[in-house]
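Structure first, commentary second.
The values are calculated or read from the model by the stated rules, or taken from the named source; none is laboratory data. This is a predicted model, so every value here is computed, not measured. Heads up, the Cβs are rebuilt from the backbone with ideal geometry, glycines too, and the neighbour counts pull from every protein chain shown. The area values use the complete protein model at the heavy-atom level, side chains included, leaving out ligands, DNA and RNA. Shrake-Rupley method; radii C 1.70, N 1.55, O 1.52, S 1.80 Å.
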Amino acid sequence: MKDLLLITPPFTQLNTPYPATPYIKGFLNTKGISAFQMDLGIEVILALFSKENLASIFEMAYENDTISTENAERIYCLREEYLKTIEEVIHFLQGHSQTFAKQICTENFLPQASRFEQINDLEWAFGSMGDQDKAKYLATLYLEDLSDFIKECVDENFGFSRYAERLGRSANAFDELYDYLQGELTLIDEVSLEILEQRIQELAPKLICFSVPFPGNLYSAFRCAQYIKENYPHIKTAMGGGFANTELRSVKDKRVFEFFDFISLDDGELPLELLSQHVLGDQEKLELKRTFHLLDDEVTYTNNSPKPDYKQAQVGTPDYSDLWLDSYISVIEIANPMHSLWSDGRWNKLTMAHGCYWGKCTFCDISLDYIKLYEPIAAKILVDRMEELIEQTGEKGFHFVDEAAPPALMRSLALEILKRKLVVTWWTNIRFEKNFTADLCKLLKASGCIAISGGLEVASDRLLALIDKGVTVKQVAQVTRNLTESGIMVHSYLMYGYPTQTIQETVDSLEMVRQMFELGVLQSGFWHQFALTAHSPIGLKPEAFGIVADYQDISFANNDVQFTDSTGIDHDKFSFGLKKSLFNYMHGICFEYPLQEWFDFKIPKTTVPKNLIMDALDEQDAFLLKPNTKIVWLGSEPSVFKKNAKKLRLLFHTKTDAFEVDLGTENGNWLLEKLNDLKPENGKLLTLQNLKEDYEQQYENFELFWYSKPIQVMRENGLLAL
């Protein structure tokens, strides 16, 4: 038995658990509250894509006479091939039977429908020996064909990473979702509820909590809560998570509480602790934190606890126990190594800092606590948690899910990883700010950072200033160069349709993005159309940004807001061309195409100079350093040769090569003595001023020595100024 059951409803990711319930379970462990967690999404996917249930899907489509397209007809006719291979394909994508990759890569092994039409040059993407990734890609297309069949013939709401998303997106009123919940169960519903029933029977929980991160999880959460209320009315139900935090801050419809007894907002640790005490203990005592519930048949928001929220150092290490870690499915949707990180591989999720250290972007929900309350975690605690998770899960891959990881904390994290000599792989989201120097990027790479994502948003200095991003296009280009040259892949979030954005600015933004991909400083990207949210600076003061917001009467979800831009431009029409061009750029092709090629309507010629990004990249960082700059040596101990009576030759071996420098004997001996002190594992880092003072106790003119050619060579090979 468990007091609490924590559920992530279908669907989020196939390859790794969404982190909310592990975070909460880790906190509950510190309070001695027993809880069990489940990712209902992956359990439903595995049940659906079994031979038995896939056969039922084909049978259901035939009996209901819903096979109406040529593509669906082809899949149905090949059903025996799908049934023959489905479980082997799933097993392979779970990381088993690696030799099966060679069979998948064999021509004509997997049945193929419309998704395979996008295949172009697989040898270009994966090489002649990249069987594992090539097989994952082909197996992903195979699953997407089946997904298309399910969506067309069995359940129109199905999607691998979302379910019935339309019902949760911009649902200002509860009517449509409520009416849908009165209808018959779908196949997905039936599979979900069968699994839920088994778990309730096993655990007999008193409180079931649903973490709903996205609109695509909302319907399933309500369907599960409905089942619980109908069959286990004594069990209390609660909802929290990203959707509640952003969309349900002003919920008024009493019908919502036919399904959920409680809806909690923002950081869930203290609200859930108090809720547990109420449900499991003194039910007369109603001390709650940021929680909606019914009181005297009225929707009531109770926030009467005087207790402060827990600091990030107090919430414990995420706990991934109970989750089916060996059963997640790694897929590759696009043949792009950076883009694949979101769907390929099992990542332990952690957060470097609560909230956003910048907290100014005008399109962002910076008025909400999860962004505006910035609180970093000490690097030592972070790496302690990394080591605990490695011990717990056996995985050494980490995805830091920050709004924007702060560069100073990233530096401290990297140094702590190097100090402990951990071998880990990690990636995170950043703001492309100037503090990401070439040397900092080299340090991050040395600590195991393989990729970075960040928002370029609209590649226009005028609009970046309106966004209050605090960066320029030139600065973004230079930072992405620093990351790329250090060996870190870069993904950029791109935006179009920002208030007052002109057609010319959209075209010019695409041209700058094209140049960045062609020059190799971006490896991946995604275009998002601007959406007005109620809690952003634009949503709070739309008139200041040249738009008229259409605020509806809100009784349920309140986040996305319809609006009219003063420009009158139909930005929707740019969507296909922007995404098609980017798809090709990510595959390293079509850079020579004129921008007009991507659109079926007339666009103006770009006003961006053809070498704008190249010229920005040619600008070099100033070599002069501040006295408090930290100096770190990442290289090895050199071999020392006496060149002559006055000179030493130091030979340094790198992982892939070697280099040598010649120094005067005195300078060489001083440097040899200092290199050990400059290694990350020595704890306290020396500054440039520390080195200057030490050097000038024996010799003169430290600057002449520091800016000499031998030191410049070492600066290029692991002597970092941070």
Packing-ranked peptide list from 517-528, 421-432, highest mean Cβ count within 10 angstrom first, is 517-528, 421-432
Length gained if T302 through Q689 is fully extended, taking 0.36 nm per residue and subtracting the Cα-Cα distance, is 133.8 nm
So the angle from the long Cα axis of helix 503-518 to the longest Cα principal axis of the chain, reported in degrees to the nearest 10, equals 60
Contour minus Cα-Cα span, A465 to S68, at 0.36 nm per residue, comes to 137.9 nm
Scalar couplings 3J(HN,Hα) for segment 256-261 by Karplus 6.51 cos²θ - 1.76 cosθ + 1.60 (θ = phi - 60°), nearest whole Hz, x for Gly and Pro, are 4, 8, 6, 10, 10, 6
Checking rank on 206-217, 539-550, with mean other Cβ inside 10 Å and highest first, the result is 206-217, 539-550
The lysines whose Cα lies under 22 Å from the Cα of K647, excluding any fewer than 8 residues away in the same chain, are K674, K692, K709
Violations at 25 Å Cα threshold for listed pairs K396/K626; K360/K434; K579/K605; K474/K579 -> K396/K626
Taking Cα atoms only, Rg over Rh for the chain with Rh from the Kirkwood formula is 0.99
To the nearest 20 debye, the chain has a Cα-centred charge dipole, built from +1 on Lys and Arg Cβ and -1 on Asp and Glu Cβ, of 3040
With label points set 7 Å from each Cα along the Cα-to-Cβ direction at A544 and V640, the distance between them in nm comes to 6.2
Per the 1/(1 + (r/R0)^6) rule, R0 = 41 Å and r from the Cβ atoms of K605 and E485, FRET efficiency to 0.05 is 0.80
Answer in debye to the nearest 20: the dipole magnitude of segment 182-256 about its Cα centre, from +1 Lys/Arg and -1 Asp/Glu charges placed on Cβ, is 520
Computed for segment 315-370: size of charge dipole around the Cα centre, +1 on C-beta of each Lys and Arg, -1 on C-beta of each Asp and Glu, debye to nearest 20, value 240
At the level of C-alpha centres, the distance separating segment 232-263 and segment 332-371, in angstrom, is 26
Note to self: with every protein chain in place and a 1.4 Å probe, segment 511-669 gives an accessible area per residue in Å² of 56
Among beta bridges assigned by DSSP with both residues in the chain, the antiparallel ones amount in percent, to the nearest 5, to 45
Given a Förster distance of 56 Å, the FRET efficiency implied by the Cβ-Cβ spacing of L78 and K709, rounded to the nearest 0.05, works out to 0.25
Lone Cys, the chain, Cβ cut-off 4.7 Å -> C77, C105, C153, C209, C224, C356, C441, C449, C590
For Y328, the residues 5 or more places away or on another chain with a placed amide H closer than 5 Å to its own amide H are none
Measure of exposure for R166: accessible area at 1.4 Å probe, Å² rounded to 10, is 130
Excluding residues fewer than 8 positions from K643 in its own chain, the aspartates and glutamates with Cα under 16 Å of it are E660, D662, E666
For Q118, placing the label point 7 angstrom along Cα-to-beta-carbon and taking segment 319-344, residues whose amide nitrogen sits under 20 Å are 329-344
The simple spin-label model distance between E388 and S321, using points 7 Å out along Cα→Cβ, in nm, is 1.2
Here, Y374 and Q562, labelled 7 Å along Cα→Cβ, have an inter-label distance in nm of 3.7
Where a ≥ b ≥ c are root eigenvalues of the Cα gyration tensor, a/c under 1.5 meaning rounded, otherwise prolate if a/b exceeds b/c and oblate otherwise, segment 1-159 counts as oblate
Filtered hits (lysines, Cα-Cα < 18 Å from K229, offset >= 8 within chain) -> K206, K254
